[in-house]
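Bear in mind that the values in this text are calculations on the coordinates, not laboratory data. Since we're looking at a predicted model, the values are computed, not measured. Positions of Cβ are generated from backbone atoms using ideal geometry, with glycine treated the same way; all protein chains shown enter the neighbour counts.
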Amino acid sequence: MIEISSDVIRGYNDTMILFILMEEPSYGYEISKKIRALSEEKYIIKETTLYSAFTRMEKNGYVESYSQNADNGKKRTYYKITESGKNYYHEKCLEWTLTKEVVENFIRGDK
Amino acid sequence: METIRNYLESMFANLPNTPEVMCAKNELLSMMEDKFTELISEGKPQNEAVGIVISEFGNLEELAESLGIESVVGGAEISERRLLTNEEARNYIYDAAQSRMLIGLGVMLIIFSPIFPIILNDIGAALLFIDVSVGVGLIVWANIRMSQWKFLDNTLCCIDYSTAEYVYTAKKNNMMSKALMLTIGIMFCIVSVVPVIIFEGLFSAKDYYYVIVGPAMLFVIVGIGVLLIIASGAKDSAYAKLLSLNGTGTVAGNYEAVRATKEPYTDKKKAAEVMSVYWRTVTCIYIIWSFISFDWHITWIIWPLAAVFNGIMKSLFNTKW
């Protein structure tokens with residue numbers, strides 16, 4: 001089975017995370033679970049990837065973190081998207097459309 | 001979950017102990033915990049759940065930037081440290097405790113030595129020397145036995161998370177018996193004079209009990225008391241030693257188990273140097289004084305006095321030797 005190469009997907013981890021945070025603030029595991037479900041189990045994001053994306057985006061001001069007790073009383077770090085995060089997300093969407101268009105021209109289904 | 005925790009701790013053990021690193025570790029643990037809990041609730045067997053969580057963890061290199069460090073491979077300084085396995089740690093505790101017992105027995109025999117001249121006149125002096133030599137022999141043997149562990153002092157070593165936890169639990173469990181032995185030992189030393197006082201009151205100055213049994217019992221009781229005092233700290237000092245191995249600058253040096261046993265920092269280097277030769281000096285003084293004066297019935301007093309002095313010094317400098 002073909003697996004997604006981490007080099008290719010790297011640039012779009014942020015996009016996926018921000019997409020999920022557009023709906024509502026969320027925490028680490030929930031985000032990774034949603035990515036897995038939305039990708040129909042084809043992409044499982046690693047914990048370290050997720051964490052480094054969080055810290056990088058927080059540093060760039062795309063997300064904000066705060067701690068909150070979850071339903072089961074466990075303290076978790078939640079992430080919330082910021083205005084500049086939303087802008088960044090839209091930019092990334094446009095970038096992807098362009099990328100897809102370009103790369104698509106070089107893809108042949110047959111052998 | 002314990003396996004996952006150990007895995008994460010071992011990944012992080014060599015990283016510098018900074019807020020960023022701690023934060024990352026907690027966050028990653030939280031995520032792994034969530035995933036593990038969910039897998040278990042889905043009915044996955046424990047082993048499989050652990051396997052999945054660990055395989056989906058990723059790699060630390062990715063974190064280097066978020067952790068504010070150049071590289072996380074090895075962690076240069078610390079990779080030099082020799083990791084003490086769990087088994088080695090257990091062996092060390094066993095050996096250290098046994099050696100302490102041997103030293104205790106040796107000191108006890110030395111304290112017992114004046115009993116022989118008291119009970120048996122002529123032959124007693126010979127027995128005294130035999131007894132002292134056996135006592136000294138035990139102490140020397142104990143030191144030789146411990147020489148295989150010299151590397152703990154000479155080389156940088158460390159213990160992993162699960163070993164630290166194990167040692168810390170053992171240390172806590174040992175607290176009660178340590179305190180009990182110490183208390184009984186001190187009580188023995190204090191009550192040692194009771195038989196002498198009682199027999200003094202009950203019998204005339206030439207009576208068998210007055211001259212022989214009273215003094216002899218004094219040495220026996222003090223000897224046992226000192227043995228208890230020395231033995232009480234046997235395991236505890238081994239535990240403390242192991243927990244002090246991890247470098248203070250790393251995550252491993254910040255394990256709860258390690259931190260809980262760490263003494264507050266004081267300027268204790270000088271004091272520690274002096275105290276490192278303390279007991280040897282005391283032994284020397286005891287032996288020299290005893291052999292010069294031959295006042296064996298008095299010279300033993302040096303041991304309880306030395307112990308009390310040691311206690312005072314310890315609390316003054318708030319540290320352990």
Task: Electrostatic dipole magnitude of segment B:84-262 [Cβ: Lys, Arg +1; Asp, Glu -1; Cα centre; debye, to 20] - done: 340
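Within segment A:35-111, which chymotrypsin sites (Phe, Trp or Tyr not before Pro) sit in a loop by DSSP and count at most 14 neighbouring Cβ atoms inside 10 Å?
Numbers: sites: A:Tyr43, A:Tyr51, A:Phe54, A:Tyr62, A:Tyr66, A:Tyr78, A:Tyr79, A:Tyr88, A:Tyr89, A:Trp96, A:Phe106; in loops: A:Tyr43, A:Tyr62, A:Phe106.
Hits after loop and neighbour filter: A:Phe106.
Please arrange A:Asp110, B:Asp295, B:Asp122, B:Asp34 by how many other C-beta atoms lie within 10 Å of their C-beta, fewest to most.
Result, fewest neighbours first: A:Asp110, B:Asp122, B:Asp295, B:Asp34.
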TODO: Among the listed pairs B:Lys25/B:Lys178; A:Lys34/A:Lys92; B:Lys44/B:Lys241; B:Lys35/B:Lys171; A:Lys46/B:Lys172; A:Lys42/A:Lys100, give every one whose C-alpha distance is greater than 29 Å.
DONE: B:Lys25/B:Lys178; B:Lys44/B:Lys241; B:Lys35/B:Lys171; A:Lys46/B:Lys172
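Treating only the Cβ of Lys, Arg, Asp and Glu as charged (+1, +1, -1, -1), what charge dipole size does chain A show about its Cα centre? Round to the nearest 20 debye.
Charge dipole, chain A, about its Cα centre: 320 debye, nearest 20.
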Task: Signed unit charges on C-beta, dipole axis of the protein assembly as shown, positive-most listed residue B:Tyr208, B:Asn143, A:Ser65 - done: B:Tyr208
Task: D (Stokes-Einstein, µm²/s), Kirkwood Cα radius, chain B, 1.002 mPa s at 20 °C - done: 92
Task: Neighbour-limited loop hits for trypsin sites (Lys or Arg not before Pro), segment A:27-70 (at most 12 other Cβ within 10 Å; DSSP other than H, G, I, E, B) - done: A:Lys42
Task: Exposed trypsin sites (Lys or Arg not before Pro) absent - longest run of chain B, DSSP non-H/G/I/E/B, at most 11 other C-beta within 10 Å - done: B:1-149
- [ ] Note down the Stokes-Einstein diffusion coefficient of the protein assembly as shown in µm²/s, whole number, using a Kirkwood radius over alpha carbon pairs, 10 °C, and 1.306 mPa s.
- [x] 59
Open item on the list: I need to check one value: relative contact order of segment B:84-262, counting alpha carbon pairs closer than 8 Å and at least 6 residues apart, in percent.
Closed with: 34
- [ ] May I ask for the angle, rounded to the nearest 10°, between helix A:28-38 and the longest principal axis of chain A, with both axes built from Cα atoms and the value confined to 0 to 90°?
- [x] 30
Task: Under 16 Å from the Cα of A:Lys75 - aspartates and glutamates, other chains or at least 8 residues apart - done: A:Glu30, B:Glu27, B:Glu33, B:Asp34
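Only sites in a loop by DSSP and with at most 10 other Cβ atoms within 10 Å count here; which GluC sites (Glu not before Pro) in segment A:8-61 make the cut?
A:Glu40, A:Glu41
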TODO: Specify which residue in the list B:Ile4, B:Ser232, B:Gly253 is farthest towards the positive end of the charge dipole of chain B, using unit charges on the beta carbon of Lys, Arg (+1) and Asp, Glu (-1), about the Cα centre.
DONE: B:Ser232
Task: Dipole of chain B, positive direction: furthest Cα of B:Ile119, B:Cys158, B:Thr183, with charges on the beta-carbon - done: B:Ile119
TODO: Treat the count of other C-beta atoms within 10 Å as a stand-in for reagent exposure and order B:Thr183, A:Thr77 from fewest to most.
DONE: B:Thr183, A:Thr77
Task: Cα-centred dipole magnitude for the protein assembly as shown, charges only on beta-carbon of K, R (+1) and D, E (-1), debye, nearest 20 - done: 1420
Task: Residues B:Ile4, B:Ile130, sorted so that the one with the fewest Cβ neighbours within 10 Å comes first - done: B:Ile130, B:Ile4
Task: Inter-label distance, nm, simple model (7 Å from Cα along the C-beta direction), B:Ser162/B:Ile198 - done: 5.4
- [ ] Counting residues in chain A as N, plug N into 2.2 N^0.38 Å and put the Cα Rg over that result.
- [x] 1.18
